[in-house]
Every structure is written in C-alpha cells, then in structure tokens.
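Peer 1: Let me begin by handing over the structure; questions about it come next.
Please treat every number below as a calculation from the coordinates, not as lab data. From a predicted model like this one, the values you see are computed outputs, not experimental measurements. Because the Cβ atoms are built from the backbone with ideal geometry, glycine has one as well, and the counts that use them run over all protein chains shown.
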Amino acid sequence: MLEDIKTDAAQRMGKSIKALQTGLTKLRTGRAHTSLLDHIVVPYYGSDVPLSQVANVAVGDARTLTVAPWEKPMMQVVEKAIRDSDLGLNPVTSGTVMRVPLPALTEERRRDMTRIVRQEAEGARVAIRNIRRDANHTLKELLKEKEITQDDERQGEQHMQQLTDKHVAEVEQMLKDKETELMEV
C-alpha cells in the first residue's frame with residue numbers, strides 16, 4: 001500500500017520533470033538543434049502529423065537547420081508550418097532542401113526568454129508539490145481508516161518530502177542550465 005503510493009508519486013514527479021524538459025527544448029537559445037522544430041505539426045493527407053514524420057530535420061551549422069521533406073509537394077506545406085509557428089523563423093527554400101536560419105537573439109529577447117523559463121520551472125515546482133500534497137492526503141486517509149499506523153504515515157510523509165526535494169533540485173538545476181544557455185552570446 002505505502003510502496004504503491006511512493007511509486008506512483010515518484011512516477012508522476014518524473015513525468016513533471018520530463019514535461020519541463022520538453023518545454024525547455026522548445027525555447028530557442030540561438031543555437032540550432034533539431035528539437036526546436038519538434039512541436040510543429042504539418043497537415044499531411046488529411047491529418048496533422050509532427051514535422052519529423054514528413055521531413056528530415058538536421059543541423060546545418062551552429063545557426064542553421066536544414067529541413068528536407070520526403071515528398072516534393074510537401075515543401076510549401078512544411079515551409080508554411082515553420083513560418084506560422086511561434087518561433088519567428090523564416091525558412092529559405094533551395095531545391096529540395098529548406099534552410100532555416102536562426103536569427104541572433106537580442107538582449108531584450110533573452111530576458112523575455114529567461115522570464116518564460118522561470119515560469120515553466122515554477123509550473124513544474126508547483127506540479128511536484130501538488131503531487132506531494134496528494135500523496136500526503138492519501139496517507140492521512142489511510143491513517144484515518146486505520147489501514148496504516150502513525151509511524152507509517154510519518155515515514156511516508158518524510159519519504160514524500162525527500163522525493164519532492166530531489167525533484168525540485170532537478171528543476172532548479174535545469175532552470176540554472178537553461179538560463180546560462182540563454183544568456184550566452
């Protein structure tokens with residue numbers, strides 16, 4: 001019973017960390033990386049699919065991504081999807097390959113991005129604390145129903161706190177790393 005609660009909380013906290021990682025990879029830092037375009041979806045034969053399923057995305061150089069759609073008619077569709085995304089990118093088509101130059105970030109834009117990163121991290125911290133609260137609530141319910149002892153409840157709460165501290169420290173490290181990466185010129 002206690003182990004199930006602990007395992008469930010650990011898994012949910014891990015998912016919060018993964019969600020933060022995914023959110024942070026979408027933020028542009030001035031350096032090209034293929035995960036920058038991961039969240040872009042493209043209409044393909046009546047359904048929306050991720051860009052990576054209709055084109056090959058690669059890093060051309062430090063500030064350029066190359067996108068090569070697998071089908072020639074998809075070139076305009078992919079170009080439009082990248083242009084309409086929230087990234088502010090302007091792809092240039094040359095033959096069967098599309099180059100996506102990443103403009104340099106201004107100081108003001110870097111500060112805005114840092115603010116966004118902090119908000120993402122705070123959201124992850126809140127999610128982790130909510131998971132701890134839910135687990136502690138479940139422990140209290142079990143104690144109330146006399147399915148566990150007070151000692152088991154206290155041990156469970158201590159374990160939840162240690163788990164929370166560990167995951168919040170991970171969030172803090174990810175935040176620090178991303179801020180450092182954003183402020184590099």
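Peer 1: How would you order 16-23, 112-119 from highest to lowest mean count of nearby Cβ atoms within 10 Å?
Peer 2: Packing proxy ranking, top to bottom: 16-23, 112-119.
Peer 1: Suppose a student asked you for the relative contact order of the chain, using Cα pairs under 8 Å spaced at least 6 residues apart; what percent would you report?
Peer 2: 25 percent
Peer 1: Calculate how steeply helix 150-183 sits against the longest principal axis of the alpha-carbon atoms of the chain, using the helix alpha-carbon long axis, and give the answer as 0 to 90 degrees to the nearest 10.
Peer 2: 20 degrees
Peer 1: Under the rule of at least 5 residues apart or a separate chain, name every residue whose amide H is placed under 5 Å from the amide H of GLY60.
Peer 2: Here LEU65, THR66 satisfy the definition.
Peer 1: Say the dipole of region 1-97 comes from +1 at the beta carbon of Lys and Arg and -1 at that of Asp and Glu; which of ILE5, VAL97, GLN76 then lies farthest toward its positive end?
Peer 2: VAL97
Peer 1: In what sequence do HIS167, HIS33, HIS137 fall when counting other Cβ within 10 Å, fewest first?
Peer 2: Ordered by Cβ neighbours within 10 Å, fewest first: HIS137, HIS33, HIS167.
Peer 1: Using Cβ counts within 10 Å as a stand-in for footprinting exposure, how do ASP4, ASP152 rank, fewest first?
Peer 2: If I rank by nearby Cβ atoms, fewest first, I get ASP4, ASP152.
Peer 1: Please rank MET174, MET160, MET1, fewest neighbouring Cβ atoms within 10 Å first, as an exposure proxy.
Peer 2: With the fewest neighbours first, MET174, MET160, MET1 line up as MET1, MET174, MET160.
Peer 1: A further question on this structure: Taking the simple approach of a point 7 Å from Cα along Cα-to-Cβ for both ALA58 and LYS140, what is their distance in nm?
Peer 2: Calculated label separation equals 5.8 nm.
Peer 1: Would you mind checking LYS6/LYS166; LYS6/LYS178; LYS18/LYS140; LYS18/LYS178; LYS26/LYS176; LYS26/LYS166 for any pair whose Cα atoms are more than 19 angstrom apart?
Peer 2: Checking Cα-Cα distances, LYS6/LYS178; LYS18/LYS140; LYS26/LYS166 exceed 19 Å.
Peer 1: Filter the GluC sites (Glu not before Pro) in region 143-185 to those in DSSP coil with at most 12 other Cβ atoms within 10 Å of their Cβ, and list the result.
Peer 2: Taking region 143-185 and a limit of 12 other Cβ atoms within 10 Å, the loop GluC sites (Glu not before Pro) found are GLU145, GLU147, GLU184.
Peer 1: For region 55-128, state which GluC sites (Glu not before Pro) are in a DSSP loop and have at most 13 other beta carbons lying within 10 Å of their beta carbon.
Peer 2: GLU71
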